[in-house]
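One structure is given here, and the rest of the page talks about it.
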Amino acid sequence: VCRHTPKADGESCDDGTFCNGYEMCTSGACTSSGDPCGTSGYTCVVGTCDEGADTCDVGAAPDGTDCDNGLWCDGDDQCVSGTCESGPGPCTGGDGICSYATCDEIAGTCSTTTAPDGTSCDDGDPCNGSDVCYGGTCALDPHRPCDDRNACTVDTCGPDGMGGITCGHTPESTGTACTDLDACAGSASRVCVSSDSGTSMCAAGTDALCGDGSLCTVTDCRAGSCTVVTSPPAPPSVACGASVDGHNLYGASDVSSYGSCGSSLNAGEAVYSVTPSGTSLTVALSGVWSSGDLTVLVLGDRCTPSTCLGSADTGGSGNVTVGVTPGSTYTIVVDGASNARGLFTLTATCS
């Protein structure tokens with residue numbers, strides 16, 4: 001009688017095959033442990049078994065094989081050249097400059113965070129100045145690098161070919177309406193006055209502040225507040241045979257009537273002094289760029305406008321000749337009708 005008594009479970013046995021792993025007895029049968037070349041625990045690595053050589057060969061899993069590095073915030077993972085590589089993260093949003101997506105690894109959730117207001121940023125346009133974040137967006141700098149702060153020029157900006165910028169400032173035509181933030185200059189009837197030389201300025205309006213009614217006092221204006229200068233400086237002097245460049249673009253109208261020389265000259269005044277060396281004085285205006293006719297007057301006494309000896313406006317010859325006493329000081333005033341203001345060259349000739 002043959003008897004076959006099962007061996008105890010767990011006793012070793014051998015079925016003669018290497019690639020099915022280690023064998024042991026289980027309920028009277030020799031069972032294998034499985035592939036001895038498995039790579040459990042090693043992502044993106046696979047093993048192959050060589051039965052003839054009784055060896056295991058290890059290699060990379062095919063690219064694109066799913067894997068998991070245990071992190072949620074780095075997105076889906078795939079095998080690449082035997083390594084578990086992360087894909088794009090699950091959290092998107094924001095511009096990446098002033099707002100950006102953030103990920104909570106523990107909660108597995110996404111949110112959007114904005115950079116603090118004032119954080120430097122760059123929208124890629126050098127012509128709009130330095131940019132800063134405001135409310136989660138890259139806000140344009142209100143102070144452009146090519147802004148010359150002149151309301152009477154057209155500012156242009158472009159690349160200079162060397163990584164920087166080049167600026168241009170084209171004067172507006174004389175008479176073009178303009179606006180200036182100077183509280184002392186007034187706002188009504190403001191126009192640009194421009195010359196061929198490129199000078200262009202926004203002339204004061206008819207309601208310019210601080211007119212004190214006299215050419216002898218000086219009233220100063222700061223931020224819309226007027227103050228009388230207790231020791232006013234003497235007006236600049238013009239030598240016989242010399243010329244000066246001047247303007248009456250700014251300031252209030254102090255005097256509008258000059259006795260027999262005329263009235264309704266309600267623009268701001270430019271005031272000069274001259275001491276003739278002869279008995280005849282000629283004052284001429286040239287190179288005039290103005291919003292209307294300018295008038296040149298010669299006064300015998302600066303504090304008394306009615307002592308005007310003669311006048312002429314740029315609608316005519318633009319020069320006046322009067323008889324004078326050698327060695328005495330006279331006052332030259334450039335004023336304008338209908339708030340006419342402008343640039344000019346003034347020349348004094350004595351004979």
Return yes or no: is Cys133 hydrophobic (A, V, I, L, M, F, W, C), surrounded by 15 or more Cβ atoms within 10 Å (Cβ to Cβ) and touching a Ser or Thr at 6+ places or on another chain (Cβ under 8 Å)?
yes
Regarding Thr31, is this residue surrounded by 12 or more Cβ atoms within 10 Å (Cβ to Cβ), without any contact (Cβ under 8 Å) to a residue 24 or more places away in the chain, over 30 Å from Thr112 (Cβ atoms) and among the hydroxyl-bearing types (Ser, Thr, Tyr)?
yes
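Pick from the range 16-28 the residues that are assigned to a loop (DSSP other than H, G, I, E, B) and under 17 Å from Thr55 (Cα atoms): which of them is least open to solvent (accessible area, probe 1.4 Å)?
Gly21
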Going residue by residue through the range 174-186, is there one that turns out to be of a type outside the set (Lys, Arg), in a strand (DSSP E or B) and either at pLDDT 85 or above or more than 30 Å from Arg341 (Cβ to Cβ) (or both)?
yes
What do you reckon, is Thr314 modelled with pLDDT of 95 or more and touching a strand residue (DSSP E or B) at 6+ places or on another chain (Cβ under 9 Å)?
no
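Please work out if Gly292 is part of a loop (DSSP other than H, G, I, E, B), of a type outside the set (Ser, Thr, Tyr) and open to solvent by 30 Å² or more (accessible area, probe 1.4 Å).
No, not satisfied.
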Just give me the residues in the range 187-225 being over 15 Å from His247 (Cα atoms), in contact (Cβ under 8 Å) with a residue 40 or more places away in the chain and of a type outside the set (D, E, K, R), in sequence order.
Ser189, Thr206, Ala208, Leu209, Cys210, Gly211, Gly213, Ser214, Leu215, Cys216, Ala223, Gly224
Condition met for Ala204 (modelled with pLDDT of 90 or more, assigned to a loop (DSSP other than H, G, I, E, B), surrounded by 13 or more Cβ atoms within 10 Å (Cβ to Cβ) and more than 20 Å from the chain's Cα centre (by Cα))
yes
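The values are calculated or read from the model by the stated rules, or taken from the named source; none is laboratory data. Please read these numbers as outputs of a predicted model, since none were measured by experiment. Quick reminder, even Gly has a Cβ in these numbers, built from the backbone with ideal geometry, and neighbours come from all protein chains shown. All accessible areas refer to the heavy atoms of the entire protein, side chains included, with ligands and DNA or RNA removed. Shrake-Rupley method; radii C 1.70, N 1.55, O 1.52, S 1.80 Å.
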